[in-house]
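Read through the structure below, which is laid out as structure tokens, and then see the notes.
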Amino acid sequence: SAFIGPSAVVLAADAGARHLYVEANGLPESYAAMTNPLEANESNIAAGAGIYKETCQSCHGAAGKGDGENGFYYTPRPSDLTPWSNANEASVEGVLSTDQYLFWTISEGEAGKFETSMTAFKSQLTETERWQLVIFIRHGL
């Protein structure tokens, strides 16, 4: 199973169609081939924190637990992001644990396709901003 650790129950409950699709089929090739070009340094973590606060916090919550004030309006509720945080001893494995998976999710959203209300941010955030957001989720959340 791809879910381990103390956050496994939360992640499994939130897994939904996106997680299951990727576990079965992998990421789209264009995303699977990417690597994060940015270092996980203080500057990129801080930039990602600002982007998170402006773009993500209202749904995913200040601590990334999926409990933001606007998240209560969506079914299903926004995902708990803490299983992807190294600070919280990341508890996802395989393709779900990759920076590419987070970057794809942020970029494409796939609202409607994967039983999610997650919007696509590829037209709202630059590629650099999306990678900074991945770094923040990993190292600052």
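The values are calculated or read from the model by the stated rules, or taken from the named source; none is laboratory data. Note that this is a predicted model, so its numbers are computed, not measured. Just so you know, the surface numbers come from the protein's heavy atoms only, side chains and all, with ligands and any DNA or RNA stripped out. Shrake-Rupley method; radii C 1.70, N 1.55, O 1.52, S 1.80 Å.
Annotation: extensible slack from E93 through E69 equals 5.7 nm (criterion: 0.36 nm per residue apart, minus Cα-Cα distance).
Shown in residue order for the range 25-34 are the 3J(HN,Hα) couplings computed by the Karplus curve 6.51 cos²θ - 1.76 cosθ + 1.60 at θ = phi - 60°: 10, x, 6, x, 3, 4, 8, 4, 7, 6 Hz (x for Gly and Pro). The aspartates and glutamates whose alpha-carbon is closer than 20 Å to the alpha-carbon of K53, local same-chain residues fewer than 8 away aside, are E42, D67, E69, D80, D99, E108, E127, E129.
Amide H to amide H, with H built 1.01 Å from N, G109 comes under 5 Å of F121, counting only residues 5 or more places away or on other chains. Among D80, D67, D99, the order of accessible area from largest down is D67, D99, D80, computed with a 1.4 Å probe on protein heavy atoms.
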